[in-house]
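A short write-up of the structure that comes next.
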C-alpha cells in the first residue's frame with residue numbers, strides 16, 4: 001500500500017510539473033507570437049503613414065493644378081478626379097491607422113483576433129471603393145500628356161484611339177470593377193489572389209491572424 005501511495009504521489013508531482021511546463025511553453029509561445037504580430041503591424045502602420053503623407057501632398061498639388069488650369073474643362077475635371085482619389089486614400093489611410101494604433105496586444109486571443117478581423121474587413125471595404133477609379137483611368141492619361149508633353153490629348157489625340165479608350169473604359173473596365181467589387185469581400189481574404197492584391201498593404205493582417213490562430217491552438 002505504501003509503495004502504491006508513493007507511486008501515486010510521484011505521478012501526481014510529475015503531472016503537476018508537466019502541466020506547469022506546458023503552461024510555461026504556452027506563455028512563451030504567446031509572447032513570441034505577440035512580438036511577431038506587433039512587428040508585422042508596425043510595418044503596416046509605417047506603410048499607411050507614408051501613404052497618408054504622400055497622397056496628402058499629391059492631393060494639394062492636384063488642387064493647385066486644377067486652379068492653374070481653370071477653366072479648361074478637360075484638365076480641371078481630370079485634376080479634380082485625381083484629387084478626390086488622393087484625398088480618399090488619405091481618409092481611408094487615416095481610418096485604418098486609427099484602428100491599428102488602438103489594437104490591444106495584451107487582450108485575450110479571441111479579443112485580439114476580433115480586432116484584427118475588423119481591421120482587415122475595413123481595409124477590404126475601402127479597397128472596394130478605390131477600384132472605381134479604374135474606369136476613369138483617362139484622367140491619368142490626360143495629366144500625363146499635359147505635364148510631360150504639354151498637349152491636350154483629348155483635343156489633339158487620334159480620334160480612333162480615343163474611341164478605343166472610351167470603349168475600354170465602358171465595356172472592359174466597368175464590368176471588371178463590378179466583378180471585383182463582388183469578389184473583394186472579407187470571406188475571400190485568405191485566398192491567394194486576394195493576398196496578391198493586398199500584398200504589402202494588408203497581408204500583414206492576414207499573417208498576424210495566422211499567428212493568433214497558432215497561439216490559440218497551442219493554448220487549447
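Remarks
- The distance between label points at residue 114 and residue 195 comes to 2.8 nm (points 7 Å beyond Cα on the Cα→Cβ vector).
- Relative contact order for segment 37-219, counting Cα pairs under 8 Å that sit 6 or more residues apart, in percent: 29
- Placing a pseudo-label 7 Å from each Cα along the Cα-to-Cβ vector at residue 107 and residue 214 gives an inter-label distance of 2.1 nm.
- C-alpha center-to-center spacing [segment 149-181, segment 34-76] in angstrom: 25
- Taking a ≥ b ≥ c as the square roots of the eigenvalues of the Cα gyration tensor, segment 88-187 is classed as oblate, since a/c reaches at least 1.5 and a/b does not exceed b/c.
- Label zone at residue 144, where the point sits 7 Å out along the Cα-to-Cβ direction: segment 75-92 residues whose backbone N lies under 16 Å: 78-79, 82
- By other beta-carbon atoms within 10 Å, ranking 38, 207, 187, 96 with the fewest at the front produces 187, 38, 207, 96.
- Pair residue 152, residue 181: separation of 7 Å Cα→Cβ label points (nm): 3.2
- Report note on the peptides 188-198, 39-49, 112-122: ranked by the mean count of other C-beta atoms within 10 Å, highest first, their order is 112-122, 39-49, 188-198.
- The gain in end-to-end length when the residue 121 to residue 67 segment is fully stretched comes to 15.8 nm, 0.36 nm per residue minus the alpha carbon separation.
We did not get these values from a lab; they are worked out from the coordinates using the rules stated. Just so we're clear, the structure is a prediction, and the values are computed from it rather than from any experiment. In this analysis, Cβ positions are derived from the backbone assuming ideal geometry, glycine residues included, and neighbour counts consider all displayed protein chains.
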